[in-house]
Amino acid sequence: IVGAGEASPFDLAWLDPPSTVDSYEQQVEYAITDSIPIRVEVVSHQGSTIDGDYHVLGEARNQNAFTVNSVRVVITYYNDQSEVLRTILYYTSLDTLSSGQRAPFDVTLPDPPDDLDYYAIVVEADRP
């Protein structure tokens, strides 16, 4: 769920496109919902290169007054022009978090682009 005023990265893959394609158009469809995304707090994070891969190590905490599950970390990597380079979706090792509980994460970006400048993190979950 993308809230009002928010942006969401996406990845479009076209396997084996015809050689005659030199451009394309994209169309986005949406539906209005009353559902509210369940956010999980990012307590800490740090990005660094380890053995040639870029790692974002951090910790998420369920600040909600209820248990959440399917806790997922979405990291979007940008260049200095704020263009999306890559996006990775990662599920924490703890599938369920009680209120106040924390879960570590280590998201690996193999072969990071040379123009990687910064990243943004969003952590969401579902309500069981």
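The values are calculated or read from the model by the stated rules, or taken from the named source; none is laboratory data. Predicted model, so just to flag it, every value in this text is computed and none were measured. Positions of Cβ are backbone-derived with ideal geometry, glycine not excepted, and every protein chain shown enters the neighbour counts. We work out accessible area using only protein heavy atoms, side chains counted, and drop any ligands, DNA or RNA first. Shrake-Rupley method; radii C 1.70, N 1.55, O 1.52, S 1.80 Å.
Computed quantities for the displayed model
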| quantity | calculated |
| --- | --- |
| Flag if Arg61 is modelled with pLDDT under 95, open to solvent by 60 Å² or more (accessible area, probe 1.4 Å) and under 24 Å from Ile36 (Cβ atoms) | no |
| Scan of the stretch 37-47 for residues that are assigned to a strand (DSSP E or B), of a type outside the set (D, E, K, R) and modelled with pLDDT of 95 or more, ordered by number | Val42, Val43, Ser44, His45, Gln46, Gly47 |
| Selection within the stretch 94-121 - in a strand (DSSP E or B), open to solvent by 60 Å² or more (accessible area, probe 1.4 Å) and farther than 14 Å from Gln46 by Cβ | Thr96, Arg102 |
| Single condition Thr87 does not satisfy, out of (1) open to solvent by 70 Å² or more (accessible area, probe 1.4 Å); (2) modelled with pLDDT under 95; (3) in a strand (DSSP E or B) | (1) |
| Near pairs, Cβ below 8 angstrom, 6+ apart or cross-chain, from the stretch 1-29 (closer than 30 Å to Arg39 by Cα) to any residue that is assigned to a loop (DSSP other than H, G, I, E, B) and among the small types (Gly, Ala, Ser) | Ile1/Ser35; Val2/Ser8 |
| The stretch 55-76, residues that are out of contact with any Leu (no Cβ under 9 Å at 6 or more places or on another chain) and either touching a residue at least 40 places away in the same chain (Cβ under 8 Å) or closer than 12 Å to Pro112 by Cβ (or both) | Leu57, Gly58, Glu59, Phe66, Ser70 |
| Of all residues in the stretch 48-75 being within 23 Å of Asp95 (Cα to Cα), assigned to a strand (DSSP E or B) and of a type outside the set (A, V, I, L, M), the one that is nearest to the chain's Cα centre (by Cα) | Arg72 |
| Ser35 vs. criteria open to solvent by less than 90 Å² (accessible area, probe 1.4 Å) and of a type in the set (Gly, Ala, Ser) | yes |
| Residue in the stretch 39-54 that is free of Cβ contacts under 8 Å to residues at least 24 places away in the same chain, surrounded by 10 or more Cβ atoms within 10 Å (Cβ to Cβ) and touching a strand residue (DSSP E or B) at 6+ places or on another chain (Cβ under 7 Å) present | yes |
| Val28 vs. criteria surrounded by 10 or more Cβ atoms within 10 Å (Cβ to Cβ) and out of contact with any His (no Cβ under 7 Å at 6 or more places or on another chain) | no |
